[in-house]
Amino acid sequence: MDGADPRASDADRQSTVDRLRRAFSSGCLTTDEFDQRVASAYAAKTYRQLTALIRDLPGGLW
C-alpha cells in the first residue's frame, strides 16, 4: 500500500483489546500496562498504532 497506514475499524480495535486481555490474563502485562494499552487501542486511528500495542507480546496467545 505505498507505505500508507490504513485506518483501523472498530472491529480491529476490539480484536487488539481481546489480544491484550489474553496477554494480561497470562501475566504478560501489569494492570497499569494493560489499562494504558487498552485506552490507546480504543483511541487508535490506524493499524500501525494498534500493531505497536501488541508487537512485544508472545505470538502464542492468539
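In table form, for the structure just shown:
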{"read-out": "Nearest-20 debye value, the chain charge dipole, Cβ charges on Lys, Arg, Asp, Glu", "value": "80 debye"}
{"read-out": "Accessible area in square angstrom per residue, the chain, 1.4 angstrom probe", "value": "66 Å²"}
{"read-out": "Translational diffusion coefficient (Stokes-Einstein; Kirkwood radius from C-alpha pairs) of the chain at 4 °C, 1.567 mPa s, in µm²/s", "value": "110 µm²/s"}
{"read-out": "Förster-model FRET efficiency, 30 Å R0, ARG48 and ARG22, C-beta, rounded to 0.05", "value": "0.90"}
{"read-out": "Mean separation of Cα contacts under 8 Å, 6 or more apart, over the residue count of the chain: relative contact order %", "value": "46 percent"}
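The values are calculated or read from the model by the stated rules, or taken from the named source; none is laboratory data. All of these numbers come straight from a predicted model, not from anything done at the bench. Counting neighbours? That spans all protein chains shown, and the Cβs are built from the backbone with ideal geometry, glycine included. Quick note on the areas: whole protein, heavy atoms, side chains included, nothing else; ligands and nucleic acids left out. Shrake-Rupley method; radii C 1.70, N 1.55, O 1.52, S 1.80 Å.
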